[in-house]
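Enquirer: My structure is below; once you've seen it, I'll send some questions.
The values are calculated or read from the model by the stated rules, or taken from the named source; none is laboratory data. On a predicted model such as this, the values are computed, not experimentally measured, just so you know. Cβ placement follows ideal geometry from the backbone for every residue including glycine, while neighbour counts extend to all protein chains displayed.
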Amino acid sequence: MKKALFSLVILALLLSSCGTMGLGTSMGAMIGGTLGSIAGDATGGRYGSSIGGMIGSVAGMAVGAAIEEQQYRERMEQANNRRTTTVAQPVQSNALDAIELTNFIYTDSDNNDTIEAGEDCQISFDVVNRGNTTLKNITPILELTSETKGLKIGNMTTITKLDPNKKITYSVPISANSHLKDGEADFRAYVMDANGRTSESREFTLPTMK
């Protein structure tokens, strides 16, 4: 009778604690208590069943609590994963894509369309803004891409403002010294802004003469 009464007390306490502890902890305690009582009966003794029930309850609560904690962590991780969203980074467009370089003209003193040693000449071209945004502080660049010796390209000048659908004729001075040989010189022209972004380039070749 004492054993049954003690078991009922333990069970009542466990059931009443369901409101303050998790279901896994409560179930673990009840299952552990029951198994402990059975083990206590098997070992005999006046208080074997009661002591076994208490030990089983404590062990069951520990196991149940560990399971609950693991489940809680998994639920929190799943919730965090649902809340985490990938924010697409805006693609920064290159405003210089609207630049068009056209109407390339070579001018020299004898109008033979050939760069000669000791001659000062120039290359001019139109810089056209085909976009709908005003471009500011852009610099046309003309560079030599071949290994042609004896040529010097003049300094570049920055265009402070170029409105949409407007163009500027840009001229670059070139000088040739005595090291120039017969052959060809390859050039490339493009536009660069203050951030280092560049437009599409245009390439062309001019004959050279010593």
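Enquirer: So how many residues does the range 104-122 have that are modelled with pLDDT under 95 and either under 22 Å from residue 193 (Cβ atoms) or assigned to a loop (DSSP other than H, G, I, E, B) (or both)?
Expert: 10
Enquirer: Tell me the residue from 208, 107, 157 that is over 20 Å from residue 94 (Cβ atoms), of a type in the set (S, T, N, Q) and buried (at least 17 other Cβ atoms within 10 Å of the Cβ), please.
Expert: After ruling out the rest, the residue left standing is 208.
Enquirer: What number of residues within the range 160-197 satisfy the criterion of being crowded, with 17+ Cβ neighbours inside 10 Å and among the β-branched types (Val, Ile, Thr)?
Expert: The qualifying residues number 3.
Enquirer: Restricting attention to the range 114-131, does a residue exist that is small (Gly, Ala, Ser), without any contact (Cβ under 8 Å) to a residue 40 or more places away in the chain, within 17 Å of residue 154 (Cβ to Cβ) and surrounded by fewer than 15 Cβ atoms within 10 Å (Cβ to Cβ)?
Expert: There is no residue in the range 114-131 that is small (Gly, Ala, Ser), without any contact (Cβ under 8 Å) to a residue 40 or more places away in the chain, within 17 Å of residue 154 (Cβ to Cβ) and surrounded by fewer than 15 Cβ atoms within 10 Å (Cβ to Cβ).
Enquirer: Contact list please: Cβ distance under 7 Å, first residue in the range 97-110 and in contact (Cβ under 8 Å) with a residue 40 or more places away in the chain and over 14 Å from residue 165 (Cα atoms), second residue of a type in the set (Phe, Trp, Tyr) and surrounded by fewer than 18 Cβ atoms within 10 Å (Cβ to Cβ), pairs at least six apart or on different chains.
Expert: Pairs found: 104/204.
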